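For reference, the structure is listed below as structure tokens.
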Amino acid sequence: MHLLSCIERHLRRTGTPPTRFGRECLRDPQFVFDLRRGREPGPAVCTRVIEFIRRREGAEEVATCTAR
């Protein structure tokens, strides 16, 4: 599953606003909006995001998330 899809699913499940997610995960409140507009994060950022979601939801929830 694409990284943005994993983030969107996490936002729906937790009720977290996109700006809060970006701020807590990467100190970038515009991160989700930038992804929606086509931003392609590097591998290090993708790993940080996946690990952030994994800590919040559990390993099984993000096992299928990929960077692209």
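In the stretch 24-68, how many are of a type outside the set (G, A, S), open to solvent by less than 40 Å² (accessible area, probe 1.4 Å), out of contact with any strand residue (DSSP E or B) (no Cβ under 9 Å at 6 or more places or on another chain) and modelled with pLDDT under 90?
Total meeting the criteria: 1.
Scan the stretch 1-19 residue by residue and report those that are without any contact (Cβ under 8 Å) to a residue 24 or more places away in the chain, loosely packed, with under 14 Cβ neighbours inside 10 Å and in contact with a helix residue (DSSP H, G or I) (Cβ under 9 Å, 6 or more places away or on another chain).
Across the stretch 1-19, the qualifying residue is only P17.
The values are calculated or read from the model by the stated rules, or taken from the named source; none is laboratory data. Since the structure is predicted, the reported quantities are computational estimates derived from the model, not experimental observations. No Cβ is skipped: glycine too gets one built from the backbone with ideal geometry, and neighbour counts run over all protein chains shown. Just so you know, the surface numbers come from the protein's heavy atoms only, side chains and all, with ligands and any DNA or RNA stripped out. Shrake-Rupley method; radii C 1.70, N 1.55, O 1.52, S 1.80 Å.
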